[in-house]
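Each remark here refers to the structure printed beneath this line.
The values are calculated or read from the model by the stated rules, or taken from the named source; none is laboratory data. Everything quoted here is computed from the prediction, not taken from an experiment. So basically every Cβ, Gly included, is an ideal-geometry build from the backbone, and we count neighbours across all protein chains shown. Protein only, heavy atoms only, side chains kept; ligands, DNA and RNA dropped before computing areas. Shrake-Rupley method; radii C 1.70, N 1.55, O 1.52, S 1.80 Å.
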Amino acid sequence: MDIKTFKSVASKLPAEIAVLMRGPTGVGKSHLARAAADEIGLPFIDVRLSTMSEGDVGGYPDIEGMKETGVMTFCMPSWFVRATKEPVVLMLDEMNRALPGVQQSAFQLVLDRELGNDQDGNPYRLHPETRIFAAVNAGAEYDVNDMDPALLRRFWTIDLEPTNADWIEWAKTEGLDEVLVDFIRQNSAHWRVDPSAVEPGTVTPTPASWHRLDTSLSHMGWSPSKFAGKETPAGFYATVLGFVGVEAAIAFKGFVKDYERQISAEDIVEGRIHHSEFMDLPAGTKNSVIDKIADHCKDNEWTMEQAENVAAFGQNIGGENTVQLWNRVSSSNNLPNIQKLHKLMGAEVVKLVQASRNLK
């Protein structure tokens, strides 16, 4: 399942339906759960089960209280207590890497929505509006325990298959460096590498590692946009290498150094590049520029002259790319820009679409 579909469903499920996300490490399972919590409007609590002992989840016996009352009750973890008192989103992460006793407590929480007991033997129950999201790492490269089918059927279970387009959309909303995002747009093979396809212990890029790299470079004052088209500082390559591995680091460093050759949305909209140059652009560059123009369209109202420049670009990249540009601009829902562009290239787009249908 792609990210867009997951987002359209997960936050709308009833509170008592637990969500189980399966997928390789680094694809953004925790981020998705946090995003769902924001969508619902609930606090988010991340519980990393793989680091816990049985008592960290199921509670520890209250020895002092038992001396006074003669009844054994349990001192429950703070995250669980909060989830009983107010609605929250509980993220039970790395469930299938947890110790067996921890898994059993987590299973009880999912199945019965309760743990422990008070002096009268009544279990402590989650708040009716508390939601549970769980995540398991999937793949032959992970040392994990399989989940019981009887438990699995209690979840809404999805196998996450994120695309780099999903990630790019997320990265733009999160404000990641535009040059880094553009690198992923044009070099999807370096966005994520299957760890099982390389030697054990090899550093490989994941969506999460690109996010951590962006955070680190920004903190160090080495944001790629700052050095686009220039030599990167000493240590830049080593920093990238530690997050995404050799092949991606080499490609990314070269991309940043040569970035001045990349075409921005403004280059097209303001007519800085002559129309004759458009036809010879590589397919990947054309797609990248189309994405940039679509983003520009969302946030700006074009003059007629700017729309004419965009139309000239669309008419010169030809065929399917012309239709793709029209579709992307139309999806921006910026009606004034769409109307201007329709006057300039709408008829041509219709002809291209009709010709394509006649060939089928």
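Worth pointing out:
- Residue satisfying all of: in segment 140-163; among the polar types (S, T, N, Q) and part of a loop (DSSP other than H, G, I, E, B); modelled with the highest pLDDT among these: THR163
- Residue that is surrounded by the most Cβ atoms within 10 Å (Cβ to Cβ) [pool: residues in segment 199-227 that are part of a loop (DSSP other than H, G, I, E, B) and hydroxyl-bearing (Ser, Thr, Tyr)]: THR206
- Selection of segment 92-139 for residues being outside any helix (DSSP H, G or I) and of a type in the set (A, V, I, L, M, F, W, C) yields LEU92, ALA98, LEU99, LEU115, LEU126, ILE132, PHE133, ALA134, ALA135, VAL136, ALA138.
- Unmet criterion (only one of (1) over 17 Å from GLY116 (Cα atoms); (2) modelled with pLDDT of 90 or more) for TRP79: (1)
- Sole exception among (1) at pLDDT below 85; (2) surrounded by 13 or more Cβ atoms within 10 Å (Cβ to Cβ); (3) not in a helix (DSSP H, G or I) for THR232, by number: (1)
- Any hit, segment 65-72, residues being under 21 Å from TRP210 (Cβ atoms) and of a type in the set (A, V, I, L, M, F, W, C): no
- Number of the condition not met by GLU68 [criteria: (1) open to solvent by 20 Å² or more (accessible area, probe 1.4 Å); (2) touching a helix residue (DSSP H, G or I) at 6+ places or on another chain (Cβ under 9 Å); (3) among the acidic types (Asp, Glu)]: (2)
- Looking only at residues of segment 1-24 that are in a loop (DSSP other than H, G, I, E, B) and at pLDDT 85 or above, we find that the one that is most open to solvent (accessible area, probe 1.4 Å) is LYS12.
- Looking only at segment 309-355, residues that are charged (D, E, K, R) and farther than 15 Å from ASN287 by Cβ come to 4 in all.
Results for (1) among the aliphatic types (A, V, I, L, M); (2) surrounded by fewer than 14 Cβ atoms within 10 Å (Cβ to Cβ); (3) outside any loop (DSSP other than H, G, I, E, B); (4) in contact with a Cys (Cβ under 8 Å, 6 or more places away or on another chain), shown as yes or no for each residue.
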| residue | (1), (2), (3), (4) |
| --- | --- |
| ALA165 | yes, no, yes, no |
| GLU169 | no, no, yes, no |
| THR173 | no, yes, yes, no |
| VAL179 | yes, no, yes, no |
| ASP182 | no, no, yes, no |
| VAL193 | yes, no, no, no |
| SER196 | no, yes, yes, no |
